[in-house]
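Remarks on the structure that follows.
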Amino acid sequence: MALPILYSYRRCPYAMRARMALKLANIDVEIREISLREKPAHMLQVSPKGTVPVLVLQDGSVIEQSLEIMQWALKTHALQTNIHAASRASVLALISENDDAFKCALDAYKYPERYPNKTQSQHRADGGVFLQKLENLLQGNLYLFGAIPSLADVAIFPFVRQFAAVDANWFETTPYPKLRIWLRTLVESKLFANIMQKQPTYIE
């Protein structure tokens with residue numbers, strides 16, 4: 001193959017962060033935008049889990065998890081090798097909390113009918129615990145661990161964006177002013193505009 005292949009879905013937050021990392025690292029890939037209803041046979045062959053993103057390298061090796069794709073892409077980039085005052089463990093712990101507890105709260109907040117054990121407001125409050133942690137980290141900083149984005153910013157941003165979009169009016173009234181600035185900065189960035197360009201659906 002001429003370029004690595006990235007199977008992606010434009011609106012998937014996991015795929016978003018993989019595309020952002022690849023773009024930051026200036027790694028050219030062939031983006032294959034999938035249809036969730038008709039997933040490409042080749043994608044399912046190399047990655048039976050059937051979820052995006054999936055990166056197929058030129059030697060045929062496959063990276064199936066978004067965070068692993070990010071780390072592979074950014075292994076020589078400042079976001080990976082120079083996380084300023086933050087330890088690698090702190091960055092990965094924050095990403096883990098995003099991918100676990102916050103993602104669960106996000107899903108329940110977006111689809112409260114699927115999680116009737118709590119009200120939508122209660123699910124939102126569960127997610128608010130993580131949002132407050134991010135707000136605290138942003139005190140005095142534009143980004144979570146310093147003056148420029150870290151691996152954590154890129155990994156977490158797509159999920160906070162989804163959370164805020166559930167009720168944009170509510171989010172604008174929350175006591176997270178630094179977080180709102182952080183989110184707006186990333187949403188309005190050239191990087192995000194670039195990776196959100198529409199791609200034709202890949203047909204084998």
For this session: With θ set to phi - 60°, apply the Karplus curve 6.51 cos²θ - 1.76 cosθ + 1.60 along region 46-55 and write out the HN-Hα couplings as whole Hz, x wherever there is a Gly or Pro.
Result: 7, 8, x, 4, x, 10, 9, x, 9, 10
Seminar exercise, completed: For the chain, longest principal axis from Cα atoms; helix 151-166 axis from its Cα atoms; angle between them, nearest 10 degrees, is 70 degrees
For this session: Taking each pair of different alpha-carbon atoms in the chain once, compute 1/r for the pair, average those values, and report the inverse of that mean as the Kirkwood hydrodynamic radius in Å to one decimal.
Result: 17.8 Å
Exercise. Are there chymotrypsin sites (Phe, Trp or Tyr not before Pro) in region 4-47 that DSSP puts in a loop and that have at most 15 other Cβ atoms within 10 Å, and which ones?
Worked result: none
Exercise. Could you work out Rg/(2.2 N^0.38 Å) for region 5-79, with Rg from alpha carbons only?
Worked result: 1.02
Problem set entry | Whichever lysines have a C-alpha closer than 28 Å to that of LYS75, once near sequence neighbours (fewer than 8 apart) are set aside | LYS23, LYS49, LYS103, LYS133, LYS190, LYS198
Exercise. Using r as the Cβ-Cβ distance of SER96 and ALA25, and R0 as 30 Å, what FRET efficiency do you calculate, to the nearest 0.05?
Worked result: 0.85
For this session: On a C-alpha basis, how far is the centre of region 109-167 from the centre of region 168-204 in Å? Whole number, if you could?
Result: 13 Å
For this session: Calculate the radius of gyration of the Cα atoms of region 84-190 to one decimal place, then report Dmax, the largest Cα-Cα distance, as a whole number, both in Å.
Result: 13.6, 42
For this session: Return SER96, SER8 ranked ascending by Cβ neighbour count within 10 Å, so the fewest neighbours appear first.
Result: SER96, SER8
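Bear in mind that the values in this text are calculations on the coordinates, not laboratory data. Not measured: the values here are computed from a predicted model. Cβ atoms come from the backbone with ideal geometry, glycine included; neighbour counts cover every protein chain shown.
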